[in-house]
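Shown next, in structure tokens, is the structure this report addresses.
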Amino acid sequence: MNDTKAAPAAAARGRGGLVGAAAAEWTKLWGVRSTWVSLASTAALVVAYTVIVGVSARSSTAQSSGGEPPTDPLANLGTGVVFMGQFAVLALATMVIASEYATGSIRGTLQCVPVRHRMLLSKSVVLVPVLFVTGLVVAPLGLGSAVVALGDVADPVTAGASVRQALAVGGYLGAVGMISIGIGAAVRSVAGTITVGFLVLLVLPMTLQSVSVEFVQKAGDYLPGPAGMALMGVSESDTYGPGAAAALLVFWALAANAAGYWVLRNRDA
Amino acid sequence: MITLSGLTKRYGTVTAVDGLDLEITPGRVTGFLGPNGAGKSTTMRMILGLDRPTAGRALVNGKQYEELRHPLREVGALLDAKAVHPGRTARNHLLSMARSNGIARRRVDEVLEVVGLTSVASRRVGLFSLGMGQRLGIAGALLGDPGVLIFDEPVNGLDPDGVRWVRSIARSLAEEGRTVFLSSHLMSEMQQTADQVVVIGKGKLIADTPVLELIERSSLGTVRVRVPDPADRADLVRRIGTAGFGTELTADDALVVRGARPEQIGDLAHEAGVRLHELRLQEPSLEEAYMELTSDSVEYGTARSANVTGGWDA
């Protein structure tokens with residue numbers, strides 16, 4: 001073993017801070033198999049949804065039954081992300097933070113990065129770009145499967161709209177990841193994070209929208225899930241446009257992380 | 001150097017750590033002793049900035065843990081060796097730690113070598129035995145080559161070889177001038193490893209003293225006497241009892257006298273004309289000295305109820 005004084009000086013050229021914290025998170029993220037499983041599941045769920053919806057839309061058009069069948073591939077992609085794909089992302093974000101509480105490894109993480117806001121931020125700094133890129137990959141896959149499943153009943157799709165939708169999917173998945181990280185830091189348990197995430201992203205907005213009080217319905221429109229639908233152009237109510245939807249998602253991501261940070265600051269690890 | 005001043009932690013009405021003032025100095029191994037629930041782990045967690053003190057401060061090299069720019073390069077800690085994601089490999093675990101503090105990658109392989117885990121570095125931590133996990137924890141503590149090391153129960157789950165290995169690591173780290181602070185329940189181990197011991201009970205400081213001094217100060221030294229003749233033995237036991245000392249018959253022809261000096265027993269034997277085959281002072285162990293110190297502050301013990309096990313309350 002080296003001399004006490006000399007050795008740290010030799011190692012001192014490396015970086016720490018947020019860059020180091022993010023590098024550590026990156027290393028941790030790709031060091032477990034479940035990351036790949038989650039990302040692959042996101043794609044698989046979206047593809048599965050578009051296939052089911054597409055095939056059923058084709059047959060319902062053939063029988064010309066009531067209601068307007070979902071024949072827009074871009075819309076099917078968007079609803080696939082909201083109804084199915086995003087929950088694999090929720091699971092991944094849960095593993096990134098809440099499972100550290102389950103294994104106790106959060107204490108190791110905080111020993112490496114004791115500054116609470118830096119630790120929390122480093123998780124999103126890594127996860128959000130990864131999820132955005134995942135969205136860019138999932139979108140063409142889901143779009144392709146939607147078009148194939150719909151066959152000749154598919155609405156025409158323009159290149160510009162496809163690119164726009166891919167960015168929206170990436171942005172929404174990134175937002176879901178960051179919101180889930182905030183929830184995980186606040187709730188500190190795997191089951192709790194998934195439950196709260198599921199409620200906020202899907203169940204609560206649907207419940208509120210079914211309440212026949214207009215004020216409550218409107219409030220439901222501003223939750224992250226409906227904001228994501230507005231961003232991807234699959235919203236049932238046209239309360240606001242994609243720009244406002246993006247701003248809302250940023251707001252929810254920051255709010256969830258503020259809540260997580262508050263818990264991190266005020267509770268023992 | 002670790003400095004605690006007025007360090008206090010309360011959970012509701014329970015005071016886990018109660019106004020600890022303490023300086024843990026470099027160049028020696030400081031053992032941290034106390035009954036279960038005495039507040040040892042809470043104290044260590046506060047030093048590492050994991051738990052927030054209700055009052056007082058815990059400083060490492062004059063700073064709070066959170067203020068350290070590269071904490072792993074100043075403090076290496078092993079708290080709970082099992083607290084690693086089971087799906088991660090040993091190398092990935094250490095590499096992520098190294099990156100967080102700007103520690104060179106080659107240092108990961110160095111510490112794996114030091115703790116003897118090189119051959120299993122690519123194995124998932126979930127498959128590790130308790131002892132291997134403990135070694136990985138120690139590797140993590142050594143990673144940043146820190147001047148301060150904190151080990152909570154480092155020999156838990158280690159085989160005798162591993163225990164000796166931890167002892168030699170702790171000793172050599174202290175000899176290199178580092179601050180080594182370790183808790184253990186194994187008194188014999190602590191007696192061999194530590195230079196200084198800090199004893200706490202119910203969150204309060206009971207003793208902060210060199211190990212040898214603590215043992216010498218103990219009143220629990222015993223004198224072993226062997227008397228070959230049974231009648232003589234009974235006679236001597238009676239006389240020792242009259243003189244106010246407690247006796248305990250051990251094997252065959254020996255008796256152990258508590259709290260007496262050999263010369264006092266020798267004189268008693270001489271007066272009675274009792275023939276002795278052995279008269280020997282038995283130094284108290286750290287364990288006995290510790291038991292004596294903490295007998296009043298056992299949180300979850302049976303010490304006060306009765307001499308169920310004998311000897312516990314002495």
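Taken together, A:L199, A:L208, A:L248 contain a single residue that is assigned to a helix (DSSP H, G or I) and either over 29 Å from A:G142 (Cα atoms) or at pLDDT 95 or above (or both), which is A:L248. Restricting to region B:69-81, and then to whatever is within 7 Å of another protein chain (Cβ to nearest Cβ) and either in a loop (DSSP other than H, G, I, E, B) or surrounded by fewer than 19 Cβ atoms within 10 Å (Cβ to Cβ) (or both), can you tell me which residue is farthest from the chain's Cα centre (by Cα)? If we take residues in region B:69-81 being within 7 Å of another protein chain (Cβ to nearest Cβ) and either in a loop (DSSP other than H, G, I, E, B) or surrounded by fewer than 19 Cβ atoms within 10 Å (Cβ to Cβ) (or both), then B:R69 is farthest from the chain's Cα centre (by Cα). Scoring A:Q63 on the criteria (1) surrounded by fewer than 16 Cβ atoms within 10 Å (Cβ to Cβ); (2) modelled with pLDDT of 80 or more; (3) more than 8 Å from every other protein chain (Cβ to nearest Cβ) leaves a single failure, condition (2). In the set (1) closer than 30 Å to B:A141 by Cβ; (2) touching a residue at least 12 places away in the same chain (Cβ under 8 Å), A:L90 fails one condition alone, (1). With respect to B:L255, determine if the residue is within 26 Å of B:R217 (Cα to Cα) and modelled with pLDDT under 90. It is true that B:L255 is within 26 Å of B:R217 (Cα to Cα) and modelled with pLDDT under 90. Restricting the search to helices (runs of 4 or more DSSP H) fully inside region B:103-214 and requiring at least 1 residues that are farther than 22 Å from A:C112 by Cα and not small (G, A, S) gives B:130-142, B:160-175, B:187-193. Take the conditions among the acidic types (D, E) and surrounded by fewer than 19 Cβ atoms within 10 Å (Cβ to Cβ) and apply them to A:D238. Does it pass? Judged against the criteria, A:D238 is a match.
Only a single item in (1) facing chain A (nearest Cβ under 10 Å); (2) over 23 Å from B:A90 (Cβ atoms) is not met by B:L173, and it is number (2).
The condition of being among the aliphatic types (A, V, I, L, M), more than 10 Å from chain A (Cβ to nearest Cβ), more than 30 Å from A:W36 (Cα to Cα) and over 23 Å from the mean Cα position of the chain (by Cα) does not hold for B:A121. Any residue in region B:20-32 that is within 11 Å of chain A (Cβ to nearest Cβ), surrounded by fewer than 22 Cβ atoms within 10 Å (Cβ to Cβ) and touching a strand residue (DSSP E or B) at 6+ places or on another chain (Cβ under 6 Å)? Checked against the condition, which is being within 11 Å of chain A (Cβ to nearest Cβ), surrounded by fewer than 22 Cβ atoms within 10 Å (Cβ to Cβ) and touching a strand residue (DSSP E or B) at 6+ places or on another chain (Cβ under 6 Å), region B:20-32 yields at least one hit. For B:I138, the conditions (1) surrounded by 19 or more Cβ atoms within 10 Å (Cβ to Cβ); (2) facing chain A (nearest Cβ under 10 Å) are fulfilled apart from (2).
I'm trying to understand the selection: among the residues of region B:54-68, which are within 8 Å of another protein chain (Cβ to nearest Cβ) and either among the hydroxyl-bearing types (S, T, Y) or in contact (Cβ under 8 Å) with a residue 12 or more places away in the chain (or both)? Correct list: B:Y65, B:E66. Scanning region B:225-254 for residues that are farther than 17 Å from B:G273 by Cβ and surrounded by 17 or more Cβ atoms within 10 Å (Cβ to Cβ) turns up B:F245, B:T247. Filtering B:A104, B:A90 for residues that are surrounded by fewer than 18 Cβ atoms within 10 Å (Cβ to Cβ), more than 30 Å from B:L22 (Cα to Cα) and within 12 Å of chain A (Cβ to nearest Cβ) leaves a single hit, B:A104. When the test is whether a residue is within 14 Å of chain A (Cβ to nearest Cβ), on the phi < 0 side of the Ramachandran plot and of a type outside the set (K, R), B:A194 does not pass it. Only residues that are closer than 20 Å to A:L143 by Cα, surrounded by fewer than 18 Cβ atoms within 10 Å (Cβ to Cβ) and under 19 Å from the mean Cα position of the chain (by Cα) were counted across region A:22-57, and they come to 3. So A:V37 ticks every box in (1) modelled with pLDDT under 65; (2) within 14 Å of chain B (Cβ to nearest Cβ); (3) over 30 Å from B:E110 (Cα atoms) but one. Which box is left unticked? Status for A:V37: all satisfied but (1).
Listed by first and then second residue, the pairs linking a residue in region A:192-203 that is on the phi < 0 side of the Ramachandran plot to a residue that is of a type in the set (A, V, I, L, M) and crowded, with 16+ Cβ neighbours inside 10 Å, with Cβ atoms under 6 Å apart and 6 or more places separating them unless they lie on different chains, are A:T193/A:A98; A:T193/A:I183; A:T193/A:V187; A:V196/A:I183; A:V196/A:V187; A:G197/A:L90; A:G197/A:I183. Looking across B:G131, B:G147, one residue alone is crowded, with 22+ Cβ neighbours inside 10 Å and either within 29 Å of the chain's Cα centre (by Cα) or touching a residue at least 12 places away in the same chain (Cβ under 8 Å) (or both). It is B:G147.
The values are calculated or read from the model by the stated rules, or taken from the named source; none is laboratory data. Quantities reported herein were computed from a predicted structural model and do not represent experimental measurements. Neighbour counts are summed over all protein chains in view; Cβ atoms, including those assigned to glycine, are modelled from backbone coordinates with ideal geometry.
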